[in-house]
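The values are calculated or read from the model by the stated rules, or taken from the named source; none is laboratory data. Model, not experiment: these values are computed from the prediction. Cβ placement follows ideal geometry from the backbone for every residue including glycine, while neighbour counts extend to all protein chains displayed. For the accessible areas, the whole protein counts, side chains as well, though only heavy atoms, and no ligand, DNA or RNA atoms are used. Shrake-Rupley method; radii C 1.70, N 1.55, O 1.52, S 1.80 Å.
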Amino acid sequence: MNVDDALARVLPDFARLPAEIIALDDAYGRILASDASAANDLPPFANSSMDGYAVRAADVASASQAAPVSLRVTMDIPAGSAPQAAIGAGEAARIMTGAMLPAGADAVVPVEQTDADWRSGSPPSVGIWAAARVGSNVRDVGEDVRAGAVVLTAGTRLGAAALGVLAGLGMSQVPVVRLPRIAVLSGGDELLAPDEPLAPGKIRDMNGTTLAALVREQGGIALRLPRMRDTLASIRAVFAEALAMQPDAIVSSAGVSVGAADYIRTVLAELGEVGFWKISLRPGKPFAYGKLNGVPFFGLPGNPVSAMVTFDVFVRPALLRLTGVADDATMTEAIAAEDIPSDGRRSYVRVRLRREGGQLYATTTGTQSSGAITSMVMADGLLIIPDGQRLARAGEAFPVRLLR
Ligand code: AMP
Ligand code: MG
């Protein structure tokens, strides 16, 4: 099965999770569940962008340092107060940055362009040294956001700036998509916990840690479960425990290759419908997908690189559908800097990228063994050799999935 056909069978099982309302200050990194429209203008009133004097531009049209225009100062408007009166012809109001423009004024002259000493408070009159255009140093009402406008659309990941907008609009409670809860399972008699000493024949479980981190990277909660032994009883028990947590999906690694699949196959068949697929994908050919008691199940290959690549290709887009975020996988194009052999399956080759004369060149990270996890640490991206191609020639351009 090719990757696209496999994805077409997987993705329809995933729809956006329901919304929950949380406090604005807890919403960093969360996904907005509905469009946010502005309840007020931003700024809510015309205000001064400088410390200075609010004036009528027409009054100071001829002002210069050689021939200052003298205006009567009728008010002092600090930030946070509402002006009590309008200004009339020949009048000015002392005004601070962020303070509300009084009626009658249409411009602000910065204090530096007047003869006033800002620190000595409000003078009876002020000499204006420069002309001002209508609107000078004035931030208009609604200049940033108009009341009623949609400012953020559903599916937006709430970063610092977006949260600031919501704060400015008074949205102290925010509807966000519930976090996906993904059970992460590892299995194999050879596996030890990372804190266990090595013993002959044993390796430490890397996939549990890596897959849980990938889940978090996509904004999900990883539910960790005990490692499964290669026995029916152990596999049954851990899957039962995983299902009892009512996850939105289960992701397990290992036990899907032909030699290894038997116990897993038996248990999966007891719990639901799972297909064992041979995907035209390298690394990561053995792959299982189906539903266990209605919960989507991904059986990823055991080799750590294969597990990571199949996660990126299949699990990641599914998680994005759960959160309602548009796929934001960063793709680019790079020129193979060396011949890279393939075998006709769609290949994801770990490469380092270097920029030269406005072009990206890709060199493999060395061993492409699907067990060599350090190759993923070194890789800037995965160069994709399409289905059917057996050699990527040096000098040819290929799509690259950027990993950083
Ligand atoms: P299997 O699918 O069980 O045959 O596993 C394929 C390969 O992946 C074997 O070399 C396993 O030792 C290795 N492997 C399986 N699970 C893990 C894991 N959690 N961490 C690191 N390597 C693993
Ligand atoms: Mg195994």
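Taking (1) within 16 Å of ligand 2 (Cβ to nearest atom); (2) assigned to a helix (DSSP H, G or I) in turn, ALA213 satisfies each apart from (1). Looking across region 173-198, the residues that are more than 16 Å from ligand 2 (Cβ to nearest atom), open to solvent by 70 Å² or more (accessible area, probe 1.4 Å) and farther than 30 Å from PHE14 by Cα come down to PRO194, ASP195, PRO197, LEU198.
Is it the case that some residue within region 222-245 is within 16 Å of ligand 2 (Cβ to nearest atom) and of a type in the set (Asp, Glu)? Among the residues of region 222-245, at least one is within 16 Å of ligand 2 (Cβ to nearest atom) and of a type in the set (Asp, Glu), which makes the answer yes.
Can you tell me which residue in region 262-289 is nearest to ligand 1 (Cβ to nearest atom), limited to those that are without any contact (Cβ under 8 Å) to a residue 60 or more places away in the chain and touching a Pro at 6+ places or on another chain (Cβ under 8 Å)? Step by step, filter region 262-289, then rank; the result is PRO286. Among the residues of region 226-241, those that are open to solvent by less than 20 Å² (accessible area, probe 1.4 Å) and within 15 Å of ligand 1 (Cβ to nearest atom) comprise MET228, ILE235, VAL238. Checking each residue in region 285-321 for being part of a strand (DSSP E or B), among the small types (Gly, Ala, Ser) and within 15 Å of ligand 2 (Cβ to nearest atom) picks out ALA288, GLY299.
Each residue in region 242-262 was checked for being closer than 30 Å to PRO18 by Cβ, surrounded by 20 or more Cβ atoms within 10 Å (Cβ to Cβ) and not small (Gly, Ala, Ser), and 4 of them qualify.
Conditions tested, residue by residue: (1) out of contact with any Phe, Trp or Tyr (no Cβ under 8 Å at 6 or more places or on another chain); (2) open to solvent by less than 60 Å² (accessible area, probe 1.4 Å); (3) part of a helix (DSSP H, G or I); (4) farther than 30 Å from GLY148 by Cα.
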site	(1), (2), (3), (4)
ASP25	yes, no, yes, no
ASN40	yes, yes, no, no
PRO44	yes, no, no, no
GLN65	no, no, no, yes
ALA89	yes, no, no, yes
